[in-house]
Amino acid sequence: MKPFITIYKQALKILPVVYRNRYGEPMVRTLEDMMADQITAQAKWNVWLRTMFDLPITTAYQYAQTGGKTMHQAPNYAKQGTIVSTLLLVPFIVIVTLNSIHPLTKSWIGIGYLSVFILPFVALLLGLAVLVRLFIAHDLWSRLKSIKQLQNNWILFAVPILAFAMVSFAFGHDGVHCITDGHPSKIMRCVSNS
Amino acid sequence: MKRHFSQLPQVAFSILLALSLKPRHGYEIIKQVEEDSAGKIKLVSGALYTSIKKLHEQGLIEEVTETGDTRRYYKLTEEGGKALAAELSYYQATVELGRKRQILTTQGGLK
């Protein structure tokens, strides 16, 4: 039983630090109790598996909650900036998804550059501007010194990082035409050949 | 703020119901919830403590400080008791309505 508990303890490290500090120990203790109460090895294994499968859901939920709390407490310009930046990234996701469903190819050329390059680039600038203002106005740097604070404020970094990834994908690899014109199944090959 | 009926998610309601008899630790709550729901709700520690955190933040449950056990025990707060009673009376009214409309039998089964 001990190796299973050790694995679970290690896996709990993916949880946000604040949540883990508070509930990590009782979570482990509860799993220990649950497994100890099972008679057969198969039943113990089932309990452990169910608990492990639940962990990613709990983790995602807790990160979403910490993100929500950050946004709730953030100044208005940070809220608005993050929301607008997120919206600017939506066309990129839509165009790639639509191309994956059906090769819309040529008809997307006109708005392709706007969707997959210009809008994410604006989102990146806006996200960075929000961060810079937060760093200056609220001494964010000192708050982020510990990993705990970095995890709590992940949402403020998520949009600029995502936007940077999109811009890098489109611009760094000259892949705009691959996304807008190319057949979706060939996007990655097209990008790597660009 | 006035608490409206049926604001509690099913798992949260089940946890409050499990804590209505006495303070319990994590696994005791899981077992009681499973028993109360006739095996329909099977919680694991992640889902349990997600709900516990929420209930704690809402002031519906609190930790018991002196238990003589290394496990963490939880009990209903006064507000939690009120929320549970409001939820139960809502369900009671709903069941009675179901019977009146002849959707449910008097034994609680579907017609």
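Observations on the model:
- For segment B:12-54, a residue qualifies if it is out of contact with any Leu (no Cβ under 7 Å at 6 or more places or on another chain) and within 23 Å of A:Tyr63 (Cα to Cα), and the qualifying residues are B:Leu43, B:Val44, B:Ala47, B:Leu48, B:Tyr49, B:Thr50, B:Ser51, B:Ile52, B:Lys53, B:Lys54.
- Of all residues in segment B:56-82, those satisfying the criterion of being crowded, with 18+ Cβ neighbours inside 10 Å, more than 8 Å from chain A (Cβ to nearest Cβ) and closer than 30 Å to A:Trp45 by Cβ are B:Tyr73, B:Tyr74.
- Qualifying residues in segment A:1-18 (those that are within 26 Å of B:Gln32 (Cα to Cα) and away from every other protein chain (no Cβ under 11 Å)) - the one surrounded by the fewest Cβ atoms within 10 Å (Cβ to Cβ): A:Lys2
- Identity of the residue in segment A:19-54, surrounded by 17 or more Cβ atoms within 10 Å (Cβ to Cβ) and in contact (Cβ under 8 Å) with a residue 40 or more places away in the chain, that ends up farthest from the other protein chains (Cβ to nearest Cβ): A:Lys44
- Just one of the listed residues (A:Thr86, A:Thr30, A:Thr51) is of a type outside the set (Lys, Arg) and in the same structural domain as A:Asn152 (by TED's automatic domain parsing), namely A:Thr86.
- Each residue in segment A:55-87 was checked for being of a type in the set (A, V, I, L, M), buried (at least 17 other Cβ atoms within 10 Å of the Cβ) and without any contact (Cβ under 8 Å) to a residue 60 or more places away in the chain, and 1 of them qualify.
- Apart from one condition, B:Thr77 fits all of (1) touching a residue at least 12 places away in the same chain (Cβ under 8 Å); (2) out of contact with any Asp or Glu (no Cβ under 9 Å at 6 or more places or on another chain); (3) under 19 Å from B:Leu16 (Cα atoms); the exception is (2).
- Of all residues making up segment B:11-42, the number that are of a type in the set (D, E, K, R) and part of a loop (DSSP other than H, G, I, E, B): 3
- B:Gly46 passes every criterion in (1) surrounded by 12 or more Cβ atoms within 10 Å (Cβ to Cβ); (2) more than 14 Å from chain A (Cβ to nearest Cβ); (3) not polar (S, T, N, Q) apart from (2).
The values are calculated or read from the model by the stated rules, or taken from the named source; none is laboratory data. A quick note: this is a predicted structure, and the numbers were derived from the prediction, not measured. Ideal geometry is used to build each Cβ from the backbone, glycine not excepted, and the neighbour counts take in all protein chains shown.
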